[in-house]
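S.K.: Dropping a structure here in structure tokens format, bear with me for questions.
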Amino acid sequence: MTEIQDAFYNLAEHLVNPDPTSEGTIQYSGRRFVYLHSKMFSKLFERMEEVAGEDVRDRIEMIGIRAGYNIAENMDRHFREKGVMDKLKLIKESGFNMKDILKIKGSSPRDQIEKIFGYGMHVGWLGEVDLEEYEEGKYAKYKYENGFDAFSHGETGEKNCSFITGVIQGMTIFFWDTGNIDAEHVSCVCAGDDACVTEVNFDG
Ligand SMILES: [Zn+2]
């Protein structure tokens, strides 16, 4: 048994509701879930690179851009459409700590971006994200120390967070309403830096 499989089966003993339903699926908070060890992401990306060559890193970033755009679109609508009480009920039922989400009440693009990252922390994506600098429509600097893909790849001596760089770019494209955005992963835990930092620039 590999280390990853071993970790998965150890984890499975402690899941909230590990018993499969009568249909043989796992449900959490009324939704179907598939549990994956976060190391599986790097394995998947590495296999893609083996099959399709190094160029696939750019493609992975492009997939991230689409994913980030879709996440932003759906969550922006979700935050706008649901009443405050509905949101609180949903978050509470899901077992999340509400503190980080409640502290941001507005609905400007920056507020929505920060709410999405607040939510993202509770589903295991990036840990706490600092929006270190933000000038709407021009420049933003996102810093995070616990990105799941950096953890997944481990310290490799190079910057490996293609997928998340794309996701951050896609989210920013949605909220700034322009496709003319460049994203650069300027420092990376995989390369031995203290934190992952992604900068986005309007490239008009
Ligand atoms: Zn990184």
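No lab work stands behind these numbers, since they all come straight from the coordinates. Just so you know, these numbers come straight off a predicted model, no measurement behind them. Every residue, glycine as well, gets a Cβ built from its backbone with ideal geometry; the counts of neighbours run over all protein chains shown.
S.K.: Can you give the charge dipole size of segment 40-202 about its Cα centre, rounded to the nearest 20 debye, using +1 on the beta carbon of Lys and Arg and -1 on the beta carbon of Asp and Glu? Could you put the intermediate results ahead of the total?
M.R.: Details: 20 positive and 31 negative charges, 204 e Å.
Result for segment 40-202 is approximately 980 debye, rounded to the nearest 20.
S.K.: Packing-wise, with mean Cβ within 10 Å as the measure, how do 176-185, 45-54, 158-167 rank, highest first?
M.R.: Values: 176-185: 15.0, 45-54: 12.2, 158-167: 23.9.
Ranking the peptides 176-185, 45-54, 158-167 by packing returns 158-167, 176-185, 45-54.
S.K.: Please list 131-144, 58-71 highest first by mean number of surrounding beta-carbon atoms within 10 Å per residue. Mind showing how you got there, number by number?
M.R.: Details: 131-144: 16.1, 58-71: 17.9.
Highest-to-lowest ranking by the protection proxy: 58-71, 131-144.
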